[in-house]
1. Can you list residue pairs whose Cβ atoms sit under 7 Å apart, with the first residue in the range 229-258 being at pLDDT below 90 and the second being part of a helix (DSSP H, G or I) and among the acidic types (Asp, Glu)? Count only pairs 6 or more apart in sequence or on different chains.
2. Based on this model, can you work out whether Leu107 counts as surrounded by fewer than 16 Cβ atoms within 10 Å (Cβ to Cβ), closer than 20 Å to Thr75 by Cβ and not aromatic (Phe, Trp, Tyr)?
3. Do we have Thr75 as surrounded by 13 or more Cβ atoms within 10 Å (Cβ to Cβ), in contact (Cβ under 8 Å) with a residue 24 or more places away in the chain, in a helix (DSSP H, G or I) and of a type in the set (S, T, N, Q) here?
4. Only residues that are within 30 Å of Val183 (Cβ to Cβ) and among the small types (Gly, Ala, Ser): list them for the range 65-97, please.
5. Across the range 216-238, what is the number of residues that are outside any loop (DSSP other than H, G, I, E, B) and surrounded by fewer than 16 Cβ atoms within 10 Å (Cβ to Cβ)?
6. So, Phe207, is that one assigned to a helix (DSSP H, G or I), among the aromatic types (Phe, Trp, Tyr) and crowded, with 18+ Cβ neighbours inside 10 Å or not?
7. Of everything in the range 54-102, what is under 15 Å from Ala196 (Cβ atoms) and of a type in the set (A, V, I, L, M)? Give them in sequence order.
Amino acid sequence: MNNKKRKILLALFIILAAVSFSAVKVYAEPQNIPVPKINFSVDGSSKPADYVSNIKLLILLTILTLLPSFIIMMTSFTRIIVTFSFLKGAMGTQQSIPNQVLIGLALFLTIFIMTPVYNEINEKALKPFMNNEINQEQASEYASKPLREFMLKQTRQKDLKLFVELSKLEEDKVTKEDIPLYVVVPAFAISELKTAFQIGFLIYIPFLIIDLVVASVLMSMGMFMLPPVLISLPFKLLLFVMVDGWYLLVKSLIASFT
């Protein structure tokens, strides 16, 4: 045993010596690789138009950073993902259904629902703007109109009136065609949340009944130490599969927008 230990120690010593005396160069950054430079300087501009173009570029980059918020708050994504969260909680499958799967499904359902709106924006705003048929202001106006119409269809009048009053706009002069988006978006958001909570309440009812029945049976049998969730989960899954729950839920969500 001692000879084996000596051999192992000798081998480790030789390896450490080889590593310590070997010449290894470590570079903090890649060498001889050209790195592109991005310049937002306006010092060399000689015309006011040059300043305007650079400012527009900065504004565009700022808008791109806010694009996820626009997707969440101005589309059907909020209602869908909140409904999926209620379903996950009602079934008690917090760990069984990954959040990535639900978010991915919600995104593709959002794309499916918003495709007609995108097609209208593409035909009336994007293509004419790319072909230099309209200017930027007209493109923004034409692009906001389909979005405004979509959100107003799903917005409750009570919520819309609340933000119109808080923004101090004159109700007599504001119409659905020219109401500002900064008023429509928050009203649409809280309307979507209320609709999602109503759907979530309806989803909870059958699963809550199963929990009550299982808990009553366990108490009547004297099994106080057995968690009711452990017994009710298979029955919830069986009920959801038998009624084809995903089909009914997705169909109801899409129908609620169309």
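1. Going by the 7 Å Cβ cut-off, the qualifying pairs are Ser232/Asp211.
2. So Leu107 fits the description; yes.
3. no
4. Within the range 65-97, Ser69, Ser76, Ser85 meet the criteria.
5. To start, the set of residues in the range 216-238 that are outside any loop (DSSP other than H, G, I, E, B) comprises 216-220, 228-238.
Those left that are additionally surrounded by fewer than 16 Cβ atoms within 10 Å (Cβ to Cβ): 216-217, 219-220, 229-230, 234-235, 237-238.
Here the count works out to 10.
6. Values: assigned to a helix (DSSP H, G or I): yes; among the aromatic types (Phe, Trp, Tyr): yes; crowded, with 18+ Cβ neighbours inside 10 Å: yes.
Yes.
7. Result: Ile72, Met73, Ile80, Ile81, Val82, Leu87, Ala90, Leu102.
Conditions (1) among the charged types (D, E, K, R); (2) in contact with a Lys or Arg (Cβ under 8 Å, 6 or more places away or on another chain); (3) assigned to a helix (DSSP H, G or I); (4) in contact (Cβ under 8 Å) with a residue 12 or more places away in the chain, marked per residue:
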residue	(1), (2), (3), (4)
Asn119	no, no, yes, no
Phe163	no, no, yes, yes
Glu170	yes, no, no, no
Val174	no, no, no, no
Val185	no, no, yes, yes
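The values are calculated or read from the model by the stated rules, or taken from the named source; none is laboratory data. Keep in mind that this is a model prediction, so the values were computed, not measured. Please note: Cβ atoms are built from the backbone with ideal geometry, for glycine as well, and neighbour counts cover all protein chains shown.
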